[in-house]
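To start, the structure itself, in structure tokens.
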Amino acid sequence: MVDCMPLILKLHIFSTIFMTGLIWCIQIVHYPLFSLVEEKSFKNYQSSHQRRISIVVLPIMLLELGTGILLMLQSQTFDWYITMGLLALIWLSTFLLQVPCHQKLSHGYSATVLKRLVISNWIRTLLWTARAFIFVSVM
């Protein structure tokens with residue numbers, strides 16, 4: 001198992017940095033553009049967004065989670081518990097805040113829900129940035 005650790009660590013750091021870059025792009029570029037979609041097209045746009053972004057995000061998030069759990073179980077150091085705690089907060093934010101917003105938006109445009117999505121997504125943006133900063137500073 002020791003021979004696999006460097007690869008697992010590389011995959012974990014890759015997935016964290018990938019998600020950090022992606023979440024910043026979504027936060028600064030993608031989500032603000034939702035408000036420019038015409039209301040009659042919004043439901044189709046939103047469902048297409050969810051389907052397409054899931055293809056990119058879900059495998060990388062699962063890779064990050066799986067490799068993180070393996071590394072935490074192997075290392076069992078305080079640092080891994082901190083970084084995995086941050087990842088747990090990202091997952092909680094995703095499924096308790098952002099996913100419900102996307103589900104509401106799938107029924108049609110709502111400026112209030114879109115604003116809640118953009119504001120609440122800062123949680124994930126900052127947490128992924130913190131995780132990336134931790135890994136880069138340790139390397």
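Every read-out reported here was derived from the displayed coordinates using simple, explicitly stated rules and does not represent laboratory data. Here the structure is a predicted model, which means the values were calculated and not measured. Every residue, glycine among them, receives a Cβ derived from its backbone with ideal geometry; neighbour counts consider all protein chains shown.
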message: If the reach is capped at under 13 angstrom between alpha carbons, list the aspartates and glutamates near LYS10, excluding any in the same chain fewer than eight residues apart.
response: GLU64
- prompt: Fewest to most neighbouring Cβ within 10 Å: what's the order for THR112, THR129?
  reply: THR112, THR129
- request: Report the full-extension gain for the segment PHE14 to VAL138: residue separation times 0.36 nm, less the Cα-Cα distance, to one decimal in nm.
  value: 43.2 nm
